Amino acid sequence: MNHNLPLPCYICGPTASGKSALALEVAQRLDGEIVNADAFQLYRGLEIVSAAPSLEERGQVPHHLYGVLDPAESADAGSYLRLAQPVIGEIQSRGKTPVITGGSGLYLKFLTHGPAPLPTGDAALRAALDARPLADLVAQLQALDPLEAARTALQNRRFVARALEICLLTGGLASGLRDQWAAQTRELSASLRGYVIQRARDDLHARIAARTRAMLDGGALEEVAALVRVSPNCEKAIGLREIRALLAGDIDRATCEGLINAATRQYAKRQESWFRREQWLEPVHPAL
RNA sequence: GGCUCGAUAGCUCAGUUGGUAGAGCAGCGGAUUGAAAAUUCGCGUGUCGCUGGUUCGAUCCCGGCUCGAGCCA
């Protein structure tokens, strides 16, 4: 590691906690540039629904990796890492501080702790695995890699299929590869710096409700209506399904708003769980 | 005004032939290294509308009251 390069600064927190605004402040103070770490703000044409920074905000400080993917493309933590690393390196090489901000915990984790030596997901294999009963997958994983099976939440189809996928793709043991990564990543947190925004639940929920309303009033319907081809990956953005149902006349506006709020609150809760474990993050409690 | 039905968790409701009650959703907590705004695990949070009566014991049975829905006037 080159110690002359500015160390990145991470700004984390649940959705609607005010990450973009804080990142802007930090970037201005540190002479930095902002790098997106949000799985959905990567997509073009999803700016409103994904609550990406406004053009006005982007004008104040250079922003990177916003709207760089077509909605028809799919992404994953690995492809994000390959996208982000050169951008971050380039910012550092110019003597600027990368201010990395976003709510996608797994993507951030790839950045901070590196990828495990595991194969990329294989769409065809996944389709084949998805077609089989969970009990089958569990039995096969237990046969191929009993240690991995013991460590896996066997009710979670995703996790079982992924573990099995690794074994089948590598012809080896998923558990062994994961151990390798765990060993090399143990001391990394010490050299990281970053902040996590923490807000009282009531406050966060109020901010979520206000933001949802502003989205629906501010062009989200038109944005969703304009989406043509959307990858299964991008399809999962909160708000897409709900706004489509509204556009189709299946639900009314109040119902749509309520559904989006609930989904967003649940997402925010999962994010808080994730970031709570990242003990290297320093909590920040913004004044209202 | 009369009759009927309903009133149980934050919401929608189930249930107890009388022994203080349980589902879904919401909520809360957890897991989580290539789908992650995904996926998944755990947790019931309650003056059973109010008030008398019967009973060893009432959320349940009976009377009255209040509120809501419907029907008849």
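The values are calculated or read from the model by the stated rules, or taken from the named source; none is laboratory data. The structure displayed is predicted, hence computed values, not measured ones. Heads up, the Cβs are rebuilt from the backbone with ideal geometry, glycines too, and the neighbour counts pull from every protein chain shown. Side chains included, ligands, DNA and RNA excluded: accessible areas come from the protein's heavy atoms. Shrake-Rupley method; radii C 1.70, N 1.55, O 1.52, S 1.80 Å.
Below, the figures for the structure above:
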quantity: Region A:99-116 - phi-based ³J(HN,Hα) in whole Hz, Karplus 6.51/-1.76/1.60, Gly and Pro as x; calculated: 10, 9, 9, x, x, 8, x, 5, 4, 4, 5, 5, 5, 7, 10, x, x, 6
quantity: Share of carbon and sulfur in the accessible heavy-atom surface of region A:113-165 [1.4 Å probe, %]; calculated: 61 percent
quantity: Accessible surface, per residue, of chain A when the full set of protein chains is kept, probe 1.4 Å, Å²; calculated: 51 Å²
quantity: ³J(HN,Hα), Karplus 6.51/-1.76/1.60, whole Hz, each residue of region A:250-260, x for Gly, Pro; calculated: 6, 9, 8, 4, 5, 5, 4, 4, x, 5, 5
quantity: Solvent exposure ordering (accessible area, 1.4 Å, most first) of A:Lys109, A:Lys236; calculated: A:Lys236, A:Lys109
quantity: A:Arg126 - accessible surface, heavy atoms, 1.4 Å probe, Å² rounded to 10; calculated: 110 Å²
quantity: Built amide H within the under 5 Å cut-off of A:Leu69, gap 5+; calculated: A:Tyr43, A:Arg44
quantity: Full-extension gain in nm, A:Ala21 to A:Gln266, via 0.36 nm per residue minus C-alpha separation; calculated: 86.0 nm
quantity: Theoretical FRET efficiency, 1/(1+(r/R0)^6), r = Cβ-Cβ of A:Ser54 and A:Ala131, R0 41 Å, to 0.05; calculated: 0.40
quantity: Solvent exposure, largest accessible area first (probe 1.4 Å, DNA, RNA and ligands not counted), of A:Phe275, A:Phe40, A:Phe159; calculated: A:Phe159, A:Phe40, A:Phe275
quantity: Among A:Ala123, A:Ala226, A:Ala174: highest mean-square fluctuation, GNM of chain A, C-alpha pairs under 10 Å; calculated: A:Ala123
quantity: Region A:203-286: C-alpha gyration tensor shape, a/c 1.5 cut-off, then a/b vs b/c; calculated: prolate
quantity: Calculated P(r) of region A:137-288 - Cα pairs past 29 Å, %; calculated: 47 percent
quantity: Carbon plus sulfur fraction of accessible area for region A:170-288, probe 1.4 Å, in percent; calculated: 54 percent
quantity: Positive-end residue, chain A charge dipole about Cα centroid, Cβ charges, pick of A:Ala21, A:Ile260, A:Thr152; calculated: A:Thr152
quantity: Per-residue SASA entry for A:Lys19, accessible area with 1.4 Å probe, Å² rounded to 10; calculated: 30 Å²
quantity: Selected from A:Tyr195, A:Tyr267, A:Tyr80 as most flexible by GNM, with chain A as the system and alpha-carbon contacts under 10 Å; calculated: A:Tyr267
quantity: Most mobile listed residue (A:Leu204, A:Leu108, A:Leu141) in chain A, GNM with C-alpha springs under 10 Å; calculated: A:Leu141
quantity: Radius of gyration and maximum dimension Dmax of chain A, Cα, Å; calculated: 20.2, 58
quantity: Hz values of 3J(HN,Hα) by residue in region A:188-193 - Karplus curve (6.51, -1.76, 1.60), Gly and Pro given as x; calculated: 5, 4, 4, 9, 9, 10
quantity: Extension gain (nm, one decimal) between A:Ala225 and A:Asp122, 0.36 nm per residue minus Cα-Cα; calculated: 34.0 nm
quantity: Pair A:Ser79, A:Trp280: separation of 7 Å Cα→Cβ label points (nm); calculated: 2.7 nm
quantity: Distant-in-sequence amide H partners of A:Tyr10 (H built 1.01 Å from N, under 5 Å); calculated: A:Ile100, A:Arg193, A:Gly194, A:Tyr195
quantity: Solvent exposure ordering (accessible area, 1.4 Å, most first) of A:Val284, A:Val49; calculated: A:Val284, A:Val49
quantity: Size-normalised alpha-carbon gyration radius of region A:170-214, reference 2.2 N^0.38 Å; calculated: 2.13
